[in-house]
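In what follows, a single structure is set out as structure tokens and then discussed.
We did not get these values from a lab; they are worked out from the coordinates using the rules stated. No experiment lies behind these values; they were computed from the predicted model shown.
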Amino acid sequence: MRTRRFYYLLMTALAAGGIAAWAWYTEPSTVFYLTTGWLIIVAVLLWWGNRQLTLRFDKLMPWNRWGNLRFFVHLALGLIYLLVLMNLSYLALKLMLTTAPPTVDQVLATNVWGAMIFIPVFSIYFSLHFLKHWRRSELAAEKIQKENMRSQLNSLKSQLDPHFLFNNLNILSALIDTDPLRSKKFVDKFAEVYRALLQSKATDDLILLSEELAFIDAYMYLIRTRFDNNIQFTRNLKAGYQARMIPPLTLQLLIENAIKHNVIHDGSPLTIHLLQLEDDYLMVSNTLNEKNHKDGRRGSGLLNIQNRYAYFTDKPVRILKTETHFEVHIPLLEIEQA
């Protein structure tokens with residue numbers, strides 16, 4: 001606001017200085033000074049009047065509710081204001097220069113020239129104001145959209161806790177009866193995993209891939225305890241992967257999804273493999289031995305991941321399925337995108 005006012009004052013000062021310099025060289029008559037002063041005053045009052053109209057209309061007739069009507073009402077009132085300003089100020093100028101009142105031709109010429117000047121000036125003023133309002137509305141809409149997406153992301157993250165807790169409490173319940181020593185170690189690991197889970201919810205929305213893998217190492221201990229040697233987990237990552245980022249718990253969701261939808265027993269182990277691809281994607285692949293889902297439901301894990309990635313990047317989550325394997329390719333994000 002102050003910058004814009006300074007700009008207007010500077011332009012006025014430069015214009016006045018130019019007129020003064022020209023007058024000093026040409027030595028014009030008193031009529032020139034009075035006419036120049038009249039035009040400057042009219043220009044300043046015209047700007048001030050339109051500024052006041054804009055401020056009033058922003059409160060009484062905002063653009064988002066009264067768009068077209070506001071434009072025409074503002075145009076009509078601005079034109080009326082200009083004509084009143086031009087006629088009264090011209091009458092005062094005329095009486096200062098001569099005792100004769102303005103003639104009809106002079107009044108008509110004043111109004112015609114005033115309208116010819118006002119319409120393009122108003123159009124420029126309106127266009128600049130509309131552009132400013134549009135940019136402000138765009139920023140506000142973008143902010144609201146981001147807040148909504150962040151709220152949805154937090155809601156999606158909150159869905160992970162009950163399922164995760166329920167599964168591992170079931171495992172612990174079974175271990176207590178069959179192997180008390182292993183159950184104690186399981187409790188320690190479970191506490192470690194759950195502490196990491198809570199910390200991930202308290203940090204930024206993206207975490208380093210190395211941090212996610214450290215969490216997965218502890219998480220896989222819980223899974224192996226449940227399924228013994230019927231789940232194998234391998235990974236093949238390139239040097240420098242620590243600089244990449246993903247939404248927290250993404251790998252945990254994919255592993256959980258593979259376990260949920262596949263038959264796992266001694267004769268049909270589940271193999272999960274991580275492979276870093278050339279196009280900044282991480283492939284999470286698992287062998288396929290699907291359960292029969294009579295109700296046709298496939299769960300919300302993959303949709304959860306897709307929704308979370310949509311918040312951070314335009315890169316899609318790719319899902320591929322063959323007769324023997326199920327693959328999910330997730331984008332590896334740069335630190336600058338966090």
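Over the Cα atoms of the range 159-337, how large are the radius of gyration and the largest Cα-Cα distance (Dmax), in Å?
16.4, 49
At 0.692 mPa s and 37 °C, plugging the Kirkwood radius over alpha-carbon pairs of the range 218-324 into Stokes-Einstein gives what diffusion coefficient in µm²/s?
The diffusion coefficient I find is 216 µm²/s.
Throw me the Rg/Rh for the range 181-277, computed over C-alpha atoms with Kirkwood Rh, two decimals.
In the range 181-277, Rg relative to Rh is 0.98.
Please report the antiparallel percentage of DSSP beta bridges with both residues in the range 212-298, rounded to the nearest 5.
Of those bridges, close to 55 percent are antiparallel.
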